[in-house]
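In what follows, a single structure is set out as structure tokens and then discussed.
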Amino acid sequence: MTRDSFSFATATEIRFGRGTAAGISDAVARIGRRILLVTGSRPERVAWLSDGLATQDCAVTAFGVAGEPDLAAIEAGIATAREAGADTVVAIGGGSVIDTGKAIAALVPATRPVLDHLEVVGRGLPLEAAPLPMIAVPTTAGTGAEVTRNAVIAVPAQRRKVSLRSLAMLPRLAVVDPSLVESCPRPVLIASGLDAVTQVIEPYISSRATPLTDAICRDAIPAGLGALVTLADRPDPAAFDAMALTSLYGGMALANAGLGVVHGLAGPLGGLSGAAHGAICGTLLPHGLAANARHGRDPVLARRIDEVRGWIGGALGCAPGAAFDTLAAWVRANGLGGLDMMGISAEQRAAAAAAAASSSSMKANPVALDAADLAALMEAAR
């Protein structure tokens, strides 16, 4: 199932390790001087970066993101960047912040409406001009957005989350400093960590897997699972390092090998309900794996799923045959309720099953799952 011929693309430069954040201001100043700084809802938490950019004689305009980006937020960010004459975008925060920064950087030079470039609900037209240079600095270990070529945007009128996607959207620089993740609240840490683990598991069993993404995922899956179990119990610097690296690897893997049914459903479910993406992924993961194991007939896929069973069993201290059930119980025990507790209704689940057919993530799932299969999967995740 692994492709013999493939391409691979990622951020132009990646800096990983503790202390790498200290050099951001200098790196940014070598790229641009009029900076749109995209942050979370509490920009005071990254005042150190604003101050550092100011010492480099950079003109900084801040743009805050409250929650996951929607169409209105992206349009407001584009307007802010254009008014400021921004020549560079720096995004520091979680996946939503980084996706917002990538979308703004991509669309500031554009002349068409945003919807013209969105998948599924728009026209999916390619970008007509090169994006502004973009620097991504994650403060959560989950989405790997710092090395992906898309931005997920909610379109409330359509009750969907869809992607703006282009190879040109890969950041100029990704700075991954695990020390920035250590202040992440525990519920966010668990949900984002499960998302990161999902994003190395799904590319590993994907129909688009390549030798290079396989090499990334084989080490990242057990390392990420082990780090997540440790961090659920106690703070640990080595586990934070491993979790940040898993997230980075997941972004690289999904950008080049695709995802699968967990993300194929998570996008529509999030758009319909407003539930957090990482929490949905974590809740669906064991049931998505079980569905692929149940319906898969390819012996290579079966071997890979058995490997995943073994890695989960090793992290959670259970027999491989009980891995998926044990993971589902661990997810619940660590604060992630089922789909019912997230406020996801039966009607929304049915709509998500129908919408998943057009999801880009589903196209890489290793087996074909019909609407009944998806309904059963979500029923198990309630």
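The values are calculated or read from the model by the stated rules, or taken from the named source; none is laboratory data. Just so it is clear, the model here is predicted, and its values are computed rather than measured. Cβ coordinates were reconstructed from backbone atoms using ideal geometry, including for glycine residues, and neighbour counts include every protein chain displayed. Ligands, DNA and RNA are excluded from the accessible area calculation, which covers all protein heavy atoms including side chains. Shrake-Rupley method; radii C 1.70, N 1.55, O 1.52, S 1.80 Å.
Find the strands (runs of 3 or more DSSP E) located wholly in the range 11-76 whose residues include 3 or more that are within 30 Å of residue 157 (Cα to Cα), and list them.
Hits in the range 11-76: 34-39, 59-64.
Give just the number: which of (1) β-branched (Val, Ile, Thr); (2) surrounded by 21 or more Cβ atoms within 10 Å (Cβ to Cβ); (3) part of a strand (DSSP E or B) does residue 104 not satisfy?
That leaves (3) as the condition not met.
Go through (1) among the β-branched types (Val, Ile, Thr); (2) over 21 Å from the mean Cα position of the chain (by Cα); (3) open to solvent by 40 Å² or more (accessible area, probe 1.4 Å) for residue 12 and report which single condition fails.
Exception for residue 12: condition (2).
For the range 352-370, does any single residue satisfy the condition of being in a helix (DSSP H, G or I), open to solvent by 20 Å² or more (accessible area, probe 1.4 Å), out of contact with any helix residue (DSSP H, G or I) (no Cβ under 8 Å at 6 or more places or on another chain) and at pLDDT 95 or above?
no
May I ask you to list the residues in the range 160-183 that are part of a loop (DSSP other than H, G, I, E, B), among the charged types (D, E, K, R) and either open to solvent by 30 Å² or more (accessible area, probe 1.4 Å) or without any contact (Cβ under 8 Å) to a residue 24 or more places away in the chain (or both)?
172, 182
I need the full set of residues from the range 130-159 which are open to solvent by 20 Å² or more (accessible area, probe 1.4 Å), of a type in the set (A, V, I, L, M, F, W, C) and at pLDDT 95 or above, in order please.
130, 132
Looking at the range 23-41 only, could you name the residues that are of a type in the set (Ser, Thr, Tyr) and open to solvent by 30 Å² or more (accessible area, probe 1.4 Å)?
Correct list: 41 only.
If you take the residues of the range 184-227 that are small (Gly, Ala, Ser) and touching a residue at least 40 places away in the same chain (Cβ under 8 Å), which of them is surrounded by the fewest Cβ atoms within 10 Å (Cβ to Cβ)?
Step by step, filter the range 184-227, then rank; the result is 207.
Just to be sure I understand, how many residues within the range 301-324 are open to solvent by less than 40 Å² (accessible area, probe 1.4 Å) and either outside any helix (DSSP H, G or I) or modelled with pLDDT under 95 (or both)?
Qualifying residue count, the range 301-324: 1.
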